[in-house]
1. When the range 652-669 is examined, which residues are found to be open to solvent by less than 10 Å² (accessible area, probe 1.4 Å), touching a strand residue (DSSP E or B) at 6+ places or on another chain (Cβ under 9 Å) and within 20 Å of P615 (Cα to Cα)?
2. Those residues that are outside any loop (DSSP other than H, G, I, E, B), modelled with pLDDT of 95 or more and more than 16 Å from Y751 (Cα to Cα), I need them from the range 625-679; list them, please.
3. Which of (1) more than 21 Å from V791 (Cβ to Cβ); (2) open to solvent by 10 Å² or more (accessible area, probe 1.4 Å); (3) in contact with a Lys or Arg (Cβ under 8 Å, 6 or more places away or on another chain) does G706 not meet, given it meets every other one?
4. Since E870 meets every condition but one in (1) more than 41 Å from the chain's Cα centre (by Cα); (2) over 24 Å from D802 (Cβ atoms); (3) of a type outside the set (A, V, I, L, M); (4) at pLDDT 95 or above, which condition does it not meet?
5. If we keep just the residues of the range 509-531 that are of a type in the set (K, R) and assigned to a loop (DSSP other than H, G, I, E, B), which is modelled with the lowest pLDDT?
6. For R883, all conditions in the list (1) open to solvent by less than 30 Å² (accessible area, probe 1.4 Å); (2) among the basic types (K, R); (3) under 26 Å from D723 (Cα atoms) hold save one; what is the number of the exception?
7. Residues in the range 672-684: is at least one open to solvent by 10 Å² or more (accessible area, probe 1.4 Å) and more than 15 Å from the chain's Cα centre (by Cα)?
8. Filter the range 367-380 for residues that are open to solvent by less than 10 Å² (accessible area, probe 1.4 Å) and at pLDDT 95 or above; which is nearest to S535 (Cα to Cα)?
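The values are calculated or read from the model by the stated rules, or taken from the named source; none is laboratory data. A quick note: this is a predicted structure, and the numbers were derived from the prediction, not measured. Using ideal geometry, Cβ is built from the backbone for each residue, glycine included, and neighbour counts are taken over all protein chains shown. Areas reflect the complete protein model, heavy atoms only, side chains present, ligands, DNA and RNA absent. Shrake-Rupley method; radii C 1.70, N 1.55, O 1.52, S 1.80 Å.
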Amino acid sequence: MPRAFCLAAAVVLLFEAPVRGQSDEGVARLLRQIGQVVAEGDRAEFADLVSPYAAPALRSEYEGRLFGGEAGPTSVRERTREHHYGSLPGDGYSLVIDVFTATPHTARIFTSTLDVRRASGNTAVDAWSIVSARTLTVVEGLHRLVLSDTPYTASGLTLTAPDLALDLGESVAYLVTSAQGPAGMIVLGRGEMRFTPGPQTERDQVRLLAGDEALSVGFDAAFVRMHPRMFEARGITGKLTPAPADARQLRRAREIFDEDVGRSFSLDLGDLSSDAWFILPPDGDFLAEVRTRGRGHLTYSRSAGEPEDVTLFERSRGRDIARYASEETLRRRGPSYDEDELADFEVTHYEIDATIDPQRQEVTARAELHVHAKAEYVSTLSLRLAEGLRVTSVTSPELGRLLHVRVRTRDTIILNLPMALRRGSEMSLVVEYEGRMQSQSVDQEPLEPKHLAQVAMDVPTERYFLLSGRGYWYPQPSASGHATAGIRITTPSRFTCVASGEPDPGRAGLVDQGRSRRYAFRATDPVRYLAVLLSRFKDAVETRVPLGGEPAAEQPDPEEGLEEAAGSPAVVRPRDVVTLRTVAVNAISDGRIREATGAAADLLRFYASFMGEVPYPDVSLAMVEHALPGGHSPGYFAMVHVPPPGSAIWRADPVVFEGFPEFFIAHEIAHQWWGQAVGWENYHEQWISEGIAQYFAAMYARERHGPEVFEQMLRQFRRWAIDAADQGPVYLGYRIGQIEGDRRASRAILYNKAAAVMHMLRRLVGDDEFFEGLRMLYYGNRFQKAGTADVRVAFETASGRDLQRFFDRWIRESRLPRVRARTQVVDGAVEVRLQQLGELIYDLPVTITIEYADGRSVDVVVPLTEAEVERRIPADGPVRQVRVNRDHAALALFE
């Protein structure tokens, strides 16, 4: 069923049909006539354009929708044309057209198919008529916004939204009007903004910014937007009184309007209209662009349809100050959310054919998406695609050409479907696009120049070109889930390509007389996102890595008294061998390549020894040059930065580990399990990727370099977790450190603290239970997304323990426990008393080290799971010293 649709975001890219001779002039004349009669609202004239052979429904249904809006200037754009062979004699075409009608206040887009025919033997240009037609989509709700030049006094008026109050003080307001009434206003004068977030975590973030849990700041100007019904319901216009005209104030209001109006709810209609068109904010939403005194340009938004509907954003620095769910949203969705569960649809498979020129930064591509509907009815599809990429066509084998709309200033395209998809139904989309893109920087994992003692940035490096998930180089849902894929990349022949998937040599080779080379990849196991890496690489070194044999357990020292062995039972492996391919840019020596290849192979074997498998049958290690260390790990490959000799001397950073040169390779390889095979439900759960990958790397450090290096990492985990504790809890995800602009805080909490939490969990539940819980978490969420609740359930099931408090404290709380420790040697035993001093009770294992006079030492783990714990440990000789938390494994402040 065709339907009317009010867009929540839009843009249309349109093309004139090519000239084809006299027949085309006749069709073009017919389309001009259609535009004219629609503009005049003349249904009688339209009847003259319809063939006498047309079905009566064309007049009753199609005509009603075509003339369904207010009359106004109209343009008609032909999009596609095919020869039509029907039962009637004469020439015929089947067309897809867009009819755009604009009025002084609103606009409308009507998309339809037309079958047009010229009577046999009649060559006149006016002999064409419409024989059949079908409505595809109707887009309504497009508005012009107009700034009124009438000033109003807004004295004493306060505008409120969840956790926000805008006291307009002695201000002047200019209304922004739409066809439905006021949809915003520009406020000039001296007002005050008060923002008091509800959640304690968000209050702590505001404290980092402002020194207080509430942000109170003056402002000189604001642009407030809401639906006209909210203006009416709040009686805002009735509280405004006319003010004397002021030409300078009006100029200032117009400057603010012109600068801010396009930031939100703005549409680009391509060749249909060069005017600015907007949608109205949904009823209940609230947006304020506030120019403050001392805090720059702040944007407050309440978007009821978002899982975290309250945000405060600092535009000048591009950072979130607050982002959380209001009490109303929490009542509706609960304390946590899964992006995939909230999505209306998912993409289960991609076929991407792209031509990429890294030097020119140009991309021309065709992407086919297999879509599966999850909501009861899906009438629109929202896809992310980089704003620099221009969509040239969107079609569907099932539905034909689709109207596509782009939101200004956002990497978003909205597709309007001619008929709703029902839950469980599937369709395919073909999106063709082109444009320019810059190479993507790696996510959170490179070190930064300001944290290095010396950086020789003038050392030449071989550049690489990376397109990965968050760069939106291919169309994808807002919540990108796991999908299989086929990828073909054509690039100048001097470049080599690595991508998400196994190489498919049958579809690869030289093209364009040898000037270009085509690479093909097939991801038969689902990946969370797709990535492509291009550079001048040497030939790949291919290694077959056997995964059979006994698990590579960590061997404990029996005198330590700690259960450190993996001790996991044999697990059936889906594959016995994994192919490892190592590629490196020319400047990297063969010796370093061999070392890295050996380390990567050893890592795959080690991780598989206790996990039971490697998620993907083919893994590439890409070694690229960069002045700063770092890495990135899409599915099927891991990229690591290799700084040239003399390029950098490291200074203190959470991920600088002496004696562990393979750290970045170890961390990135671990992401094949955590981050790719198992994703995270939303950004709050990113620790599942980073923290577990960090702990995997630490376990490998112990296996490869011994307990001293492992304990050094534990010491560093604890030190950085303590230093960065005020930056927020693990659950804050990528936002950790944003307020103070220090990404080291993210690595300290999201990587190191989360890894230390995993080690504490292991010591609480025991090794067998820990590794069993890891496998349960992995296999229970393989090629899916997981959240903290899934982690908790897996380890509760494996251990038989209630771990709710453990994860609540260590993942959702930023504070660390304070512990008073007292020890004494009495009657041949060590008496230990541990007391938690804060209001909250944490679960943590504390290592008590007994050092004997003969040089022996024994570690005993005392679980501290209550406010106070006392333990008597028998001694088997004279005790020289008792140390508490010698290994730094407990994240606590000891007194």
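1. Answer for the range 652-669, where residues must be open to solvent by less than 10 Å² (accessible area, probe 1.4 Å), touching a strand residue (DSSP E or B) at 6+ places or on another chain (Cβ under 9 Å) and within 20 Å of P615 (Cα to Cα): H667, E668, I669.
2. Scanning the range 625-679 gives F637, A638, M639, V640, V678.
3. (3)
4. With (1) more than 41 Å from the chain's Cα centre (by Cα); (2) over 24 Å from D802 (Cβ atoms); (3) of a type outside the set (A, V, I, L, M); (4) at pLDDT 95 or above applied to E870, the lone miss is (2).
5. So in the range 509-531, the residues of a type in the set (K, R) come out as 515, 517-518, 522, 528.
Those still in the list that are assigned to a loop (DSSP other than H, G, I, E, B) too: 515, 528.
Values: R515: 92, R528: 96.
Taking the candidates together, the pick is R515.
6. Against the list (1) open to solvent by less than 30 Å² (accessible area, probe 1.4 Å); (2) among the basic types (K, R); (3) under 26 Å from D723 (Cα atoms), R883 comes up short only on (1).
7. Looking through the range 672-684, none of the residues is open to solvent by 10 Å² or more (accessible area, probe 1.4 Å) and more than 15 Å from the chain's Cα centre (by Cα).
8. Step one: list which residues in the range 367-380 are open to solvent by less than 10 Å² (accessible area, probe 1.4 Å), which gives 367, 369, 371, 373, 378.
Among the residues that remain, those that are also at pLDDT 95 or above are: 367, 369, 371, 373.
Values: A367: 23, L369: 27, V371: 32, A373: 38 Å.
Looking at the filtered set, the residue picked out is A367.
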